[in-house]
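**Q** Okay, handing you the structure first.
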């Protein structure tokens, strides 16, 4: 018969020390983890969706305002208006501005965007904008998260299917579960020489997305001019970028205005032209446009101010608002001397102008009236969004709501 093992006092002391070490290690991991520095308060009841407006009001009154330095335009995720400031992302009731859910970290926000009914928050870390969290718009429930390599100044661009995070040296695209579908550029921890790029020594000065494609302006070392490249947002091989077309442009200081399955529209600031290319890199048309002369104010990568609705894409040139056909990207009509991008309400475009919102027919551009708004001394730019019968404007670092 084998005698049962007896524990000595030394054995007990060693066991206690080991237990204490494990607990100390777990506590240390928790103390330095992102979970300790994260606070999430979800909504008790989901934010109610506002019915679509049946008509355009004759007048609007201010109903609330909120700081949102992490956004450049009003962000709507599902039924909620989402603002981002400092390290806090907030989901608000559109009609009252009431805070319905809140997510905060002890990091500063890089930017906030929205897609798939979710808010997407990108946080600044020591070397880049690497911490990404998705939050359900209706109640703030945390969804998929990821890390990324995009640099400071990133913006989130959505084409209705994918989200692209811009970057001067690298940008990448994600699908709804936040899995990366492509990465273009040179990451800091590169694993493949030149990251499978045909032209690795480039800076990306302009980006636009549309119809599951990403269009980018590249400033490449030794090149005589800017280069336009269109990529698939979801290539067959996520490690191998899939170029649809690429061509040298006729000048520098270019920006991408819009991209569709068959066309891409580029603004050439040197010549004040809107140039349209097809996907064989052939120039199809060009149009003179009025620009404000500003190159890339406060942006590492220029994202042309655009909005969509009513069957068109609407581009703010810095002086005028130009309506483009969603397929051909040809200009359909122009409103001169505007302040920013419009949005659609009851089949009308609400175009921000001095003193209010000009109402224009989406198809013809015919002016149908104006709703007065007192913006004080604000002269622009103004980014407009509608949620039901609520009109949102972002001016500077603040979102304003009217009803």
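What follows draws every value from the coordinates through simple rules; no lab data is involved. Worth saying up front: this structure is predicted, and the values here are computed from it rather than measured. Please note: Cβ atoms are built from the backbone with ideal geometry, for glycine as well, and neighbour counts cover all protein chains shown.
**Q** So what's Rg/Rh here for segment 224-283, counting alpha carbon atoms and using the Kirkwood radius for Rh? It would help to have the intermediate numbers written out before the result.
**A** Working: Rg = 12.1 Å, Rh = 12.1 Å.
Rg/Rh: 1.00.
**Q** Which whole-number percentage describes the relative contact order of the chain, with Cα contacts under 8 Å and a sequence gap of 6 or more?
**A** Relative contact order for the chain comes out at 13 percent.
**Q** Where does the chain land at 222 nm, in deg cm²/dmol rounded to the nearest 500, when only DSSP H runs of n ≥ 4 count, each adding -39500 (n - 2.57), divided by all residues? Before the final figure, lay out each step's value.
**A** Values: 1 runs with 24 residues, N = 403.
Roughly -2000 deg cm²/dmol at 222 nm, from the helical runs in the chain.
**Q** Shifting gears a bit: From Cα pairs below 8 angstrom and at least 6 apart in sequence, can you work out the relative contact order of segment 305-403, rounded to a whole percent?
**A** 19
**Q** Something else now. Please work out the C-alpha center-to-center distance from segment 126-175 to segment 44-89 and express it in whole Å.
**A** 20
**Q** Could you work out the relative contact order of segment 184-295? I mean the mean sequence separation of Cα pairs under 8 Å and 6+ apart, divided by the number of residues, in percent. It would help to have the intermediate numbers written out before the result.
**A** Details: 234 pairs, mean separation 19.5, N = 112.
17 percent.
**Q** Determine one quarter of the surface area of the Cα convex hull of segment 305-403, which equals its mean projected area, and express it in nm² to one decimal.
**A** 5.7
**Q** Could I ask something else about it? Here are a few candidate values for Rg/Rh (Cα atoms, Kirkwood Rh): (1) 1.08; (2) 1.13; (3) 1.03. Which one was actually calculated from the structure I just gave you?
**A** (1)
**Q** Hey, another quick one. Per residue, what volume in Å³ does the Cα convex hull of segment 86-131 take up?
**A** Convex hull of Cα atoms, per residue: 76 Å³.
**Q** May I ask for the angle, rounded to the nearest 10°, between helix 9-32 and the longest principal axis of the chain, with both axes built from Cα atoms and the value confined to 0 to 90°?
**A** 10
**Q** A follow-up question, please. To make sure I understand, if each residue's beta carbon is the centre and we count other beta carbons within 10 Å, what order do 106, 45 fall in, fewest to most?
**A** So the residues, fewest neighbours to most, are 45, 106.
**Q** Can you give me the P(r) profile for segment 184-295? Cα pairs, bins 10 angstrom wide beginning at 0, each as a whole percent.
**A** Answer for segment 184-295: a P(r) of 14, 46, 31, 8, 1 percent.
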